[in-house]
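Have a look at the structure below before the remarks.
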Amino acid sequence: MATIKMTVNGRERSGEAEGRTLLVDFLRQELNLTGTHVGCDTSQCGACVVHVNGEAVKACTMFAAEAEGAEVVTVEGMANPDGSLSVIQQAFQDHHGLQCGFCTPGMIMSAAALLKDNPKPTEAEVRHYLEGNICRCTGYHNIVKAIMAASGQDVSAVAAE
Amino acid sequence: MSVTKPLPHDSGPLHVTGQARYVDDIPTPANCLHLAFGTSSIARGTVTAMDLDPVRTAPGVVAVLTADDLPFANDVSPSIHDEPLLSVGTVHYVGQPIFVVAATSHHAARRAAAKARITYAEEAPILTVDQAVAAGQYFDDGPRVWQKGDTDAALAAAPHRLRGRLEMGGQEHFYLESHASMVAPQEGGDVVVYSSTQHPTEIQHKVAEALGVPMNAVRVEARRMGGGFGGKESQGNALACACAVIAVKTGRPVKMRYDRDDDMTITGKRHDFRIDYDVGFDDTGRIKGIDFQQYTRGGWALDLTIPVADRAMLHADNAYLLDHARITSHRLRTNTQSATAYRGFGGPQGIFGIERVMDHIAHTLGLDPIAVRQVNYYHNMGPVRAGKVSGNTTPYGMEVRDFILDEMTEKLLADANYADRKAAIADWNAKNPILKRGIGFSPVKFGISFTLTHLNQAGALVHVYQDGSIHLNHGGTEMGQGLFQKVAQVAASRFGVDVSLVKITATDTGKVPNTSATAASSGSDLNGMAAKAACDTIRDRMANCLAELHQCPVERVRFEDGKVRVGDNEMTFEQAAATCYQNRVSLSATGFYKTPDLSWDRAKGQGRPFFYFSHGAALTEVVIDTLTGENRILRTDIIHDVGRSLNPALDKGQVEGAFVQGAGWLTTEELVWDDKGRLRTHAPSTYKIPACSDRPEVFNVELWDGENPEATIYRSKAVGEPPFNLGMSAFFALSDAAAACGPNYPMLDAPATAERVLQAVKRARG
Ligand code: FES
Ligand code: FES
């Protein structure tokens, strides 16, 4: 066991971790940030996506120790400073981009990473980017729509619906 | 009124901020134990020796239990006590729990469980349909047969006759949240159970049996699931029972979450089916007589195989009027996971059988597959209800009085421009030797109600507080489908208030008892009605009180727009609640509902098992690569019947999600067991769930503008399962594309993976 320190959602945090403790377990169990979900345990589903030093990372593929000193952002840190929903969060709400909600935190984190690099993605780019995020409920339609809307694009034509 | 409005999911703001709590997110008490099962590595045999010392001495381990250590019932079956929580010495599938480890962390428990040394006397497992039939391994003492008319005579007299076989795989639920339970011990041996379950009452029942206590000593709470799809109807029993037994034994809170691999290896999946058909038909493709043999592998324990197989029989007709039909169902016991409920509950398997028949007939006669379907449709509800048509009955003797697929089909074909696109595809195929396009259609008529009639009941509990806020509870569970939101909209509408006044609360066996599983698409039908009854009781009491106070007839008390109008007086709902409280009116009520007019004789296969039918139709276009079998869905158009929608946004979301899941079942999702009975596809790396890029490039979903002719809640219809069947249109489009490669019928089986598409192309070429 060692003490690990990192900045999480803008705050200095520390906790105990073994060398083999995964970042996702550290966030959920040590820091009680349970918004980051575990869907597959094996880096396929994307429910655990967080940002580490600005990059989207599946938190089940990284050791907590590797994030020592890093800047980590989880879904809990995505709202605006005044607590209101961010544009992406609001778009998921407005466009029904969720059902059971289990994939939602990972989707929001992936969407944010996409829009940072590519502020006006095409629909095909959104779909391609989200290949690492599984949603079993929605059929993805409204997720794509929400992300297009969050990028400020007209969604009336998304998939001709 | 808030019903019929496309309001967002009530938990949306919690989900997007990560605050929504699933079972594994509930803050765990410091001394919580975590469990893992040690499971069988062989498919069939007897345990001859078991050395658990390495498990007991592994780091963090607090207790290890085998069947001998269970104090009371060792059973987690939802049906006939044939499913021990822990093996009693014989093992029946790879993955069967044999012992359970309690440790200080999830990972410690899993690591310890892997250290057991178990030896077995192995027997040859029964894995396939053929092996099970040969060994006489039947549930339900042999095949079940339901029939209508004289099938043999009709087959013999028909101008054309065709025989075929369709194989279809099962399906892993892959709810994104794997199974989880937590049990907190209480004083006096009571327990509180938090479970990711569609069936809190069953969890309560099985935990009570496992602890040897009455049901009133067990309270189960379920706020939400991260997806269920039927996979959490019975499969959560094992986790809850294991946690409860160890919680009582140790006096500590206990949690168990299946790692994804464990979840896929241990829990049941959709039933796979083989369907053999023998059909006689005329020159138009109209079916004269049909014989179906349905074979399904139920796995090692009964679970829900009987009602699943029944529903497959009940949907063998799908949308088609069959005058002479015989349906034989073989429910087979195999050494695999116990197959369980999955969205559609056997219905899709039955429907898929006759849809293949329609396609096969059309190819044989050189007719349009949609035209063949149309000549076989049931009669429209207009003439039937007007008494102009009789004999519009299903093979199980139920009159079909609400059929609308003929109209829906016409609209879909027109909106999606079918005729032109079909011609364009033929042209395109003529010019393209390697890539081939195909177009496929599938309709669905789906029966709504539990076929076990007594399950069609629901309860609700509503409180109005003196500040006018409303507390709503009912027996349904939330798995993402938006049930809580819909029922809240119903409650808000009854009181004429904004839905924000209604607090939605976790399903709780202490508030509403004896609930049925949230299954069979019945959630909003049953719980919406129960909540309405509770609200109306309170509203009537309030109206009587206010009418008396204001000396006006009770009919002149109205609840609308957030106001209560009493004759010429007007007050806020909050003022009305306060006034009623001060006048000692009870502002709490239960509501109860049971579906009317059901009668079903399962042994004979006769009666009215369903309250009504839901309908839908889909048209899908695909392209395949004839060198590799790879394929893409290009476009899907859907029109779906949800009666008068309680919430069009949620309903459309259900239709979209169901279509993609249904298409996944029949295309990419392949379960593979090896000849030792080991499931080789136990993670999403090997089991292919549709990804975001797999969905149709063009996807048009429309809700049919209509209302339920039966008196359901605000004339709405169920939505969870019926649209799942629309994924079949993708399968038939793939078959159509393969058929464009040669003169023969491709005889495509499901799932239509690239390999199977390639084989189908070869068969088409001959
Ligand atoms: S839990 Fe990390 S990708 Fe699935
Ligand atoms: S909303 Fe359930 S997995 Fe995406």
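The values are calculated or read from the model by the stated rules, or taken from the named source; none is laboratory data. Quantities reported herein were computed from a predicted structural model and do not represent experimental measurements. Virtual Cβ from ideal backbone geometry, glycine too; neighbours counted across all protein chains shown. SASA here: full protein model, heavy atoms, side chains in, ligands and nucleic acids out. Shrake-Rupley method; radii C 1.70, N 1.55, O 1.52, S 1.80 Å.
Worth a mention:
- Scan of segment B:698-720 for residues that are hydrophobic (A, V, I, L, M, F, W, C), in a loop (DSSP other than H, G, I, E, B) and in contact with a Ser or Thr (Cβ under 7 Å, 6 or more places away or on another chain), ordered by number: B:718, B:719
- In segment B:564-573, the residues that are under 13 Å from residue B:539 (Cα atoms) and either open to solvent by 60 Å² or more (accessible area, probe 1.4 Å) or assigned to a strand (DSSP E or B) (or both): B:564, B:565, B:566
- Residues located in segment A:71-87, provided they are assigned to a loop (DSSP other than H, G, I, E, B) and surrounded by 20 or more Cβ atoms within 10 Å (Cβ to Cβ): A:74, A:78
- Residue within segment B:401-422 that is surrounded by fewer than 19 Cβ atoms within 10 Å (Cβ to Cβ), of a type in the set (A, V, I, L, M) and touching a Pro at 6+ places or on another chain (Cβ under 9 Å) present: no
- When residue B:123 is tested against (1) within 30 Å of residue B:602 (Cα to Cα); (2) touching a strand residue (DSSP E or B) at 6+ places or on another chain (Cβ under 6 Å), just one condition goes unmet, and that condition is (1).
- One residue from A:143, A:134, A:147 being in a loop (DSSP other than H, G, I, E, B), farther than 19 Å from residue A:8 by Cβ and β-branched (Val, Ile, Thr): A:134
- For the condition open to solvent by 10 Å² or more (accessible area, probe 1.4 Å) and more than 10 Å from chain B (Cβ to nearest Cβ), residue A:55 qualifies.
- Scanning segment B:21-61 for residues that are basic (Lys, Arg) and part of a loop (DSSP other than H, G, I, E, B), we see that the one that is nearest to the other protein chains (Cβ to nearest Cβ) is B:21.
- Unique residue being open to solvent by 10 Å² or more (accessible area, probe 1.4 Å), modelled with pLDDT of 95 or more and either of a type outside the set (Val, Ile, Thr) or not in a helix (DSSP H, G or I) (or both) when the list is B:310, B:291, B:303, B:317: B:291
- Taking first residues from segment B:257-271 that are of a type outside the set (Val, Ile, Thr) and partners that are within 16 Å of ligand 2 (Cβ to nearest atom) and open to solvent by 10 Å² or more (accessible area, probe 1.4 Å), the Cβ contacts under 6 Å between residues at least 6 apart in sequence or on separate chains come to B:257/B:24; B:259/A:41; B:260/A:41.
- The set of residues in segment B:352-393 that are assigned to a helix (DSSP H, G or I), of a type in the set (Lys, Arg) and open to solvent by 30 Å² or more (accessible area, probe 1.4 Å) contains only B:385.
- Positions within segment A:129-150 being away from ligand 2 (no atom under 15 Å from the Cβ) and within 16 Å of the chain's Cα centre (by Cα), in sequence order: A:129, A:150
- No other residue among B:516, B:524 is in contact with a helix residue (DSSP H, G or I) (Cβ under 8 Å, 6 or more places away or on another chain), among the hydroxyl-bearing types (Ser, Thr, Tyr), closer than 27 Å to residue B:711 by Cα and not in a loop (DSSP other than H, G, I, E, B) apart from B:524.
- For segment B:226-251, filtered to residues that are on the phi > 0 side of the Ramachandran plot and crowded, with 24+ Cβ neighbours inside 10 Å, the residue that is nearest to ligand 2 (Cβ to nearest atom) is B:227.
- Residue B:70 vs. criteria of a type outside the set (Val, Ile, Thr), more than 13 Å from every other protein chain (Cβ to nearest Cβ) and in contact with a strand residue (DSSP E or B) (Cβ under 8 Å, 6 or more places away or on another chain): no
- Residues of segment B:113-140 satisfying the condition of being under 26 Å from the mean Cα position of the chain (by Cα) and not aliphatic (A, V, I, L, M): B:128, B:138, B:139, B:140
- Just one of (1) more than 9 Å from every other protein chain (Cβ to nearest Cβ); (2) not in a loop (DSSP other than H, G, I, E, B) fails for residue A:90. It is (1).
- The residues of segment B:153-183 that are in a helix (DSSP H, G or I) and surrounded by fewer than 15 Cβ atoms within 10 Å (Cβ to Cβ), listed by number, are B:153, B:156, B:157.
- Residues that are facing chain A (nearest Cβ under 8 Å) and among the β-branched types (Val, Ile, Thr), drawn from segment B:652-697: B:660, B:689
- Members of segment A:114-134 that are open to solvent by 10 Å² or more (accessible area, probe 1.4 Å) and within 16 Å of ligand 1 (Cβ to nearest atom): A:129, A:131, A:132, A:134
- Contact annotation: residue pairs with Cβ atoms under 6 Å, 6 or more positions apart or on different chains, pairing a residue in segment B:76-88 that is in contact (Cβ under 8 Å) with a residue 40 or more places away in the chain and within 13 Å of residue B:139 (Cβ to Cβ) with a partner that is of a type in the set (Ser, Thr, Tyr) and part of a loop (DSSP other than H, G, I, E, B), are B:83/B:77.
- Lone unmet requirement of (1) among the charged types (D, E, K, R); (2) crowded, with 16+ Cβ neighbours inside 10 Å; (3) in a helix (DSSP H, G or I) for residue B:427: (2)
- Residue match in segment B:698-711 (condition: within 14 Å of another protein chain (Cβ to nearest Cβ), crowded, with 20+ Cβ neighbours inside 10 Å, at pLDDT 95 or above and under 19 Å from the mean Cα position of the chain (by Cα)): no
- Count of segment A:25-48 residues which are near ligand 1 (Cβ under 10 Å from one of its atoms), more than 16 Å from residue B:22 (Cα to Cα) and either part of a helix (DSSP H, G or I) or open to solvent by 10 Å² or more (accessible area, probe 1.4 Å) (or both): 4
- Of B:469, B:522, B:493, all but one fail to be in contact (Cβ under 8 Å) with a residue 12 or more places away in the chain and farther than 25 Å from residue B:575 by Cβ; the exception is B:522.
- Scanning segment B:473-492 turns up at least one residue that is open to solvent by less than 10 Å² (accessible area, probe 1.4 Å) and over 29 Å from residue A:135 (Cα atoms).
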